[in-house]
1. Pairs to check: 132/172; 132/221; 172/221; 76/184; 184/221; 32/132. Give those whose C-alpha atoms are more than 25 Å from each other in this structure.
2. Provide 191, 47, 114 in ascending order of the number of other Cβ atoms located within 10 Å of each residue's Cβ, fewest first.
3. On full extension of the chain, what length is gained from residue 173 through residue 208, given 0.36 nm per residue of separation minus the C-alpha to C-alpha distance?
4. In nanometres, what is the gap between the two model label sites at residue 227 and residue 113, each 7 Å from Cα along Cα-to-Cβ?
5. Can you classify region 104-196 as rounded, prolate or oblate using the Cα gyration tensor, where a ≥ b ≥ c are the square roots of its eigenvalues, rounded means a/c under 1.5, and otherwise it's prolate if a/b beats b/c and oblate if not?
6. Please report the Cα spread of region 7-207 along all three principal axes, rounded to whole Å, starting with the longest.
7. For region 173-178, what does the Karplus curve 6.51 cos²θ - 1.76 cosθ + 1.60, with θ = phi - 60°, yield as ³J(HN,Hα) per residue in whole Hz, taken in order and with x for Gly and Pro?
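Computed from the coordinates by the stated procedures, all read-outs in this text should not be read as laboratory data. Please read all numbers here as calculations on a predicted model, not as lab measurements. Cβ sites come from the backbone with ideal geometry, for glycine too, and all protein chains shown count toward neighbours.
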Amino acid sequence: MTMFPPAIGLDGTLYVSVGNIIYAVDTLGNLKWSFEVPGTWLTSTISSMATDGEGNICFCTDGGSFCVITPLGELKIRLDILQYVVWTSEWTSPAIDTDGTIYLGGNHFSVLNSDYTEKWRLNEEIGYGSVKSTPIIGSDGTIYFGVNDWVGRKLSNMQLVGYLYAFTPEGKRKWRYRVGGEIKSSPAIGSDGTVYVGSLDSCFYAVHSDSKGLASSPWPKFQHDNQNTGRAGGGN
């Protein structure tokens, strides 16, 4: 089953996941290769994919792994579930900055260097909430993402609400904005710096920021660009 849209490489190769298998199809519709993701099963879910500056395909799985495969369909790395993304990771795809830094959601927020070592992570800084949407990278390097967490002093009146966070590339919180319900949609950002995000309270929010549009990076948001082309180098 395919739950998420495909990605398109710089050479036009289409990458699509069906269950736990990724297929690469050329511009003429011919199969180039298929790859079964290790540590998964037929009914597993693979997140929407992203491509880095070298054309590698990056994604998360519903088992909590972060994986990278080469343009030739070979496994480059698979990171341990307990160290990085957990359980909710299939809902959030990677965002990749200009220097190769990779941002990942899940049961906490993880940041990897271009060599896949851990750069920093957020736990208590975001209230131990879960990140179920893909982060977005602004033109000034600010990272925006939604977090869902429980609020209320008693079990009887607790509710799950969402927060839109802004963090510096070094992991310092700039601000957060509370919305009325969970955030599962990935944010978008306009050229004037307005950050847009939807919530399960049936509202759509527009929040001011210091960024002036998207970062010019290999993959700054869900489906790459504001047109959601899913194409490396496409849109703006």
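1. Numbers: 132/172 20 Å; 132/221 14 Å; 172/221 20 Å; 76/184 29 Å; 184/221 14 Å; 32/132 32 Å.
Too far apart for the 25 Å limit: 76/184; 32/132.
2. 191, 114, 47
3. Values: separation 35, 0.36 × 35 = 12.60 nm, distance 1.55 nm.
So the extension gain works out to 11.1 nm.
4. 3.6
5. Oblate, because a/c is 1.5 or more while a/b does not exceed b/c.
6. 54, 39, 33
7. These are the phi-based 3J(HN,Hα) values: 6, 8, 6, 9, 10, 8 Hz.
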